Every structure is written in C-alpha cells, then in structure tokens.
1. What number of residues within segment 46-67 satisfy the criterion of being crowded, with 22+ Cβ neighbours inside 10 Å and either over 16 Å from residue 87 (Cα atoms) or out of contact with any strand residue (DSSP E or B) (no Cβ under 9 Å at 6 or more places or on another chain) (or both)?
2. Output the residue which, of all residues in segment 93-118 that are without any contact (Cβ under 8 Å) to a residue 60 or more places away in the chain, closer than 30 Å to residue 40 by Cβ and surrounded by fewer than 20 Cβ atoms within 10 Å (Cβ to Cβ), is farthest from the ligand (Cβ to nearest atom).
3. Would it be correct to say that residue 145 is closer than 25 Å to residue 32 by Cα, surrounded by 13 or more Cβ atoms within 10 Å (Cβ to Cβ) and at pLDDT 85 or above?
4. Search segment 72-81 for residues being surrounded by fewer than 19 Cβ atoms within 10 Å (Cβ to Cβ) and away from the ligand (no atom under 11 Å from the Cβ), and hand back the single one that is farthest from residue 131 (Cα to Cα).
5. Restricting attention to segment 72-83, does a residue exist that is touching a helix residue (DSSP H, G or I) at 6+ places or on another chain (Cβ under 9 Å) and not in a loop (DSSP other than H, G, I, E, B)?
6. Please work out if residue 90 is more than 14 Å from the ligand (Cβ to nearest atom) and assigned to a helix (DSSP H, G or I).
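The values are calculated or read from the model by the stated rules, or taken from the named source; none is laboratory data. Computed from a predicted structure; not experimentally measured. Cβ placement follows ideal geometry from the backbone for every residue including glycine, while neighbour counts extend to all protein chains displayed.
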Ligand SMILES: [Fe+2]
C-alpha cells in the first residue's frame with residue numbers, strides 16, 4: 001500500500017510545471033490517501049515536542065514525504081520552506097497560522113485556520129511562512145502528511161524567533177524508507 005502511495009505522490013511531485021500546477025497535482029494525489037491512515041510507525045508522537053517521521057525521500061532529493069505528529073498544544077516553530085509544500089491531515093485537528101514578513105523584517109500574522117482530516121493546504125514561497133499546532137478537541141495526537149519539493153533536511157529554511165517561545169523540535173525524527 002505504502003509503495004503505491006509513494007509512487008502516486010512521486011508522479012505528481014515530479015510533474016513539470018510551475019509550483020501552483022505541481023502542488024495541485026500533489027494535492028489531488030494525496031487527498032484520497034488521507035482516509036487510509038498510516039502504518040503505526042508513522043503516527044507515533046513524542047514527549048516534549050512534535051515528532052517527524054520520514055516516509056520517503058526521493059534519492060535525487062526532488063521531493064520528500066514526511067508525517068508530522070503533534071499532541072494537543074505541541075507546535076512547530078514559525079518557519080518557512082523555501083520550496084513548495086502540500087499538507088494533508090490524516091487524524092486529529094491541526095491549527096495552521098500563516099505569517100507575512102513585513103518590510104521591517106518582522107512577522108505579521110495573516111490568518112489562522114483549522115484543518116480537519118481530509119483537508120489539505122499548500123505553501124508556495126514567498127507565502128510559505130507558517131506554524132502548525134496540534135489542536136485535536138478530543139485530546140488525541142494530530143497526524144498530517146507533508147510533501148515538500150526537496151529534501152526537508154537539506155533545504156535552507158528559516159526558523160523565526162518568537163518572543164517568549166523557545167524553538168523546540170522536532171525532538172524525534174525517524175527514517176524508515
Ligand atoms: Fe511547514
């Protein structure tokens with residue numbers, strides 16, 4: 001099952017075109033899989049901060065697929081991606097807050113929304129600054145699949161300082177594929 005999923009995501013992620021076109025293809029490929037869930041390996045939360053599990057990374061680093069697991073109240077730092085990204089929620093509920101860089105170099109909160117299972121979201125630079133929080137009302141971990149147009153561990157990203165908030169995470173990154 002996972003092989004088919006990876007194959008379908010790969011053919012979408014490797015499509016030739018502008019990021020708007022590629023992310024739309026990835027979104028369409030990802031959506032039917034969100035209801036299938038993920039093997040246990042990829043849905044394990046971590047204590048203290050969020051967990052990231054690498055499901056697949058293209059050998060040529062053209063795209064990668066990871067799961068992010070957030071317990072309620074756990075959050076990613078505010079970060080950018082510097083490449084396109086597609087997010088789909090598998091279980092729980094995710095709150096996504098988008099930011100814009102102001103002319104003075106600060107961050108301005110643009111919008112926030114809740115994503116439920118089956119929902120997808122797209123980030124495309126320069127509109128790629130956001131933070132994701134676990135916000136499942138039943139107190140369960142939120143699991144989402146993130147597909148990036150590069151190797152998430154090697155693209156140059158920025159973690160933005162937040163007053164009073166220390167950067168944390170992911171405190172668990174696992175590689176299985
Ligand atoms: Fe992100």
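1. Counting residues in segment 46-67 that are crowded, with 22+ Cβ neighbours inside 10 Å and either over 16 Å from residue 87 (Cα atoms) or out of contact with any strand residue (DSSP E or B) (no Cβ under 9 Å at 6 or more places or on another chain) (or both) gives 0.
2. Only one residue tops the list, namely 116.
3. Criteria met by residue 145.
4. 72
5. Residues of segment 72-83 touching a helix residue (DSSP H, G or I) at 6+ places or on another chain (Cβ under 9 Å): 83.
Keeping just the survivors that are not in a loop (DSSP other than H, G, I, E, B) gives none.
Scanning segment 72-83 turns up no residue that is touching a helix residue (DSSP H, G or I) at 6+ places or on another chain (Cβ under 9 Å) and not in a loop (DSSP other than H, G, I, E, B).
6. In short, no.
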